[in-house]
Amino acid sequence: MVKLKFIFDKEYDKATANNMLFTKRYTQEDIENMDSLYCASDKVLKKTQKMYQKTWDRVNDDFFKLIKKITGYDWAFDNYECVISVINPGASNQGNSNRILLWWRMNPYYLMRIVGHELVLHHYQHILRRYYSKEKLNDGQLWALSETAAYTLTSLPKEIQKLWPWHINYMGNHMSGMGYPQLDEIRLKLKEPFLKRKNFDDYIMKGIKLIKKYSKIGVIKK
């Protein structure tokens with residue numbers, strides 16, 4: 001059975017933060033202060049790790065089984081790691097390793113769907129990159145489709161809703177507030193194709209057809 005373990009990796013956390021400065025979630029000064037944050041928050045971080053792990057373990061097996069069943073694709077790895085960050089809200093590393101990243105500030109129960117979101121984002125990018133490479137989608141298009149799939153698979157399937165019934169809204173305008181209004185538009189357009197899909201590959205192809213109309217999706221304006 002696939003498992004997720006919560007860990008600390010300060011260097012990975014700092015490297016991820018540097019790579020995501022463009023999102024403007026934090027500043028270079030925030031990154032420079034990360035060492036002091038780790039020192040000052042050591043006991044709290046360890047308690048957070050225990051809470052996160054205990055809460056996630058309640059749904060771990062069901063989650064990985066259900067997503068495999070819904071998508072029809074095996075997970076890329078047998079074991080995943082979630083690096084607990086002191087400043088970064090979340091990152092999935094585009095499916096390039098068995099790691100995701102989330103920060104320490106979340107309510108453990110609210111966290112359950114967020115962890116699921118990052119894992120599905122990771123899983124969907126892996127599916128697109130491995131099985132749909134001939135479609136030649138750019139990084140922004142891959143990201144947009146994977147974000148959409150992550151929102152979809154953590155909110156719409158009835159089986160998944162049972163894992164976190166307190167947190168199943170489809171988040172209609174969530175990304176507009178972060179500077180990605182097109183992503184909300186895409187997500188709304190792909191809701192019905194998911195609900196009425198013949199199979200999961202049918203949903204994937206409809207998403208690919210749609211995203212090809214958004215060649216600059218994900219591009220950050222400086």
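Just so it is clear, none of the values below were taken in a lab; they were calculated from the coordinates. Everything quoted here is computed from the prediction, not taken from an experiment. Note: ideal-geometry Cβ built from the backbone for every residue, glycine included; neighbour counts use all protein chains shown.
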Open item on the list: Less than 18 Å apart at the alpha-carbon level, and either on another chain or at least 8 residues along: which aspartates and glutamates does that give for LYS10?
Closed with: GLU29, ASP30, GLU32, ASP35, ASP42, GLU81
- [ ] Kindly write out, for segment 135-147 in residue order, the coupling ³J(HN,Hα) from the Karplus curve 6.51 cos²θ - 1.76 cosθ + 1.60 (θ = phi - 60°), rounded to whole Hz, with x marking Gly and Pro.
- [x] 6, 6, 6, 7, 4, x, 5, 4, 5, 5, 5, 6, 4
- [ ] Could you tell me which of PHE194, LEU163, THR148 has its Cα farthest along the dipole of the chain towards the positive end, charges placed at Cβ (Lys, Arg +1; Asp, Glu -1), taken about the Cα centre?
- [x] PHE194
Open item on the list: Give me a comma-separated list of calculated 3J(HN,Hα) values for segment 200-215, in order, Karplus coefficients 6.51, -1.76, 1.60 applied at θ = phi - 60°, integers in Hz, x for any Gly or Pro.
Closed with: 5, 5, 4, 4, 4, 5, 5, x, 5, 4, 5, 5, 5, 7, 10, 5
TODO: Taking amide H positions as placed in the peptide plane 1.01 Å from N, state which residues far from LYS5 in sequence (5 or more) or on other chains have amide H under 5 Å from it.
DONE: TYR80, GLU81, CYS82
Open item on the list: Explain nothing, just compute: Karplus ³J(HN,Hα) = 6.51 cos²θ - 1.76 cosθ + 1.60, θ = phi - 60°, for every residue of segment 65-74 in order, whole Hz, x for Gly and Pro.
Closed with: 5, 5, 5, 5, 5, 5, 7, x, 10, 5
- [ ] Find which of HIS117, GLN53, ALA91 sits farthest along the positive direction of the dipole of the chain, computed with +1 on the beta-carbon of Lys and Arg, -1 on that of Asp and Glu, about the Cα centre.
- [x] HIS117
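Pulled fully out, how much extra length does the chain show between LYS54 and LYS198, if you take 0.36 nm times their separation in residues and subtract their Cα-Cα distance?
Working: separation 144, 0.36 × 144 = 51.84 nm, distance 3.67 nm.
Value of the extension gain: 48.2 nm.
Per-residue ellipticity at 222 nm for the chain, helices alone: DSSP H runs ≥ 4 residues times -39500 (n - 2.57), over residue total, nearest 500 deg cm²/dmol?
Numbers: 11 runs with 118 residues, N = 222.
Result for the chain, helices only: -16000 deg cm²/dmol.
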Task: Shape metrics for segment 105-147, restricted to C-alpha atoms - Rg then Dmax, Å - done: 12.9, 41
Task: Full-stretch length increase - LYS47, ASP9 - with 0.36 nm per residue and alpha-carbon distance subtracted - done: 12.1 nm
- [ ] Kindly state, as a whole number, the per residue volume in cubic angstrom of the convex hull around the alpha carbon atoms of the chain.
- [x] 117 Å³
Open item on the list: How much of the DSSP bridge set in the chain is antiparallel, in percent, rounded to the nearest 5?
Closed with: 15 percent
Task: FRET efficiency estimate (nearest 0.05) - Cβ-Cβ, LYS191 to GLN28, R0 35 angstrom - done: 0.35
